[in-house]
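To start, the structure under review is shown below, and the notes come after it.
Quick note: the coordinates plus some simple rules give every number you see, no bench work behind them. Computed from a predicted structure; not experimentally measured. Note: ideal-geometry Cβ built from the backbone for every residue, glycine included; neighbour counts use all protein chains shown.
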Amino acid sequence: MRPETQTEFLIWNRQEKGVAVSKALDTAIYYLPGRGGQISTGLGQGLIDRGFNVAGRETRGEFINRSFKAQVDQIATDLESHFWRSCACVVANSYGAYLFLHAQAQLSPFPGRVLLLSPIVGDFRDANTNLGFIPPGARKIRELAMKGEMPVPRICEVHVGSEDWQSNPENVRMLGKLLGVSVTIVQGSGHMLGKEYVGPLLDRWLPPAPENADMTGTDHLE
């Protein structure tokens, strides 16, 4: 097991007062937002509103200033330490999905369920604006997949917009084919899939929410 770093592990608790943080993790969704994202806003807020504890790493501040390897190692440690079970759920968006894929690449197949939204799967460029980005390890996931060496979560599905130049739906579709993972191309959508699509998707994909949940605030694990 990898040593824990000093980056805070944030947990938004929807739990009865007096319940330990370790118990809150038993029913928490592990969420990795897009670059600069928080776990309690946007998609994270949608998970909280549906009655779930939400745990994860916010991709901003001290965490995003760490080396790419340190970010990936931290997420791998989170998964092994707190979520390595068949009933665990991971939701990751954009750059958060990229981090998850790289963490998964250095682990055994994740035993739980994974939902990837608008995942970054390598370098990208917009032909109209000439804007682009080459993330660290841009070719690693595809190369592992082509060699049949990429570990695949037990259950995984991917959703990406047909007009998403950052995730590049064709690259996502090809990666899904190599990995045997379901990929849904959302027609007419860009990098932001929108509440109208994501809301019903979450309602279908998520397990039943924990009962008797009350918001008690944010906890931190080191």
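Modelling each spin label as a point 7 Å along the Cα-to-Cβ direction, I'd like the D26/I64 distance in nm, to one decimal.
3.5
Would you order C156, C89 from fewest to most other beta-carbon atoms within 10 Å of each residue's own beta-carbon?
Lowest count first: C89, C156.
Give the residue from H191, P169, I141 lying farthest towards the positive end of the charge dipole for the stretch 100-191; charges sit on Cβ (+1 for Lys and Arg, -1 for Asp and Glu) and the dipole is referred to the Cα centre.
I141
Kindly put Y30, Y98, Y197 in sequence by how many other C-beta atoms sit within 10 Å of each C-beta, fewest to most.
Ordered from fewest to most neighbouring Cβ atoms within 10 Å, Y30, Y98, Y197 come out as Y197, Y30, Y98.
Under unit Cβ charges (Lys, Arg +1; Asp, Glu -1), what dipole magnitude, rounded to 20 debye, does the stretch 72-215 have relative to its Cα centre? Don't skip to the end; give the middle numbers.
Values: 12 positive and 15 negative charges, 91 e Å.
Roughly 440 debye, rounded to the nearest 20.
So how do 136-142, 203-209, 60-66, 172-178 stack up, highest first, on mean other-Cβ count within 10 Å? Working shown, then result.
Numbers: 136-142: 15.4, 203-209: 12.0, 60-66: 13.9, 172-178: 18.4.
Going from most to least packed, we get 172-178, 136-142, 60-66, 203-209.
Could you please report the charge total around L179, scoring K, R as +1 and D, E as -1 over all other residues with beta-carbon less than 14 angstrom from its beta-carbon?
+3
Any idea which of P109, L79, G42 is furthest toward the positive side of the dipole for the stretch 25-139, if Lys and Arg beta-carbons carry +1 and Asp and Glu beta-carbons -1?
Checking the options against the dipole of the stretch 25-139, the answer is P109.
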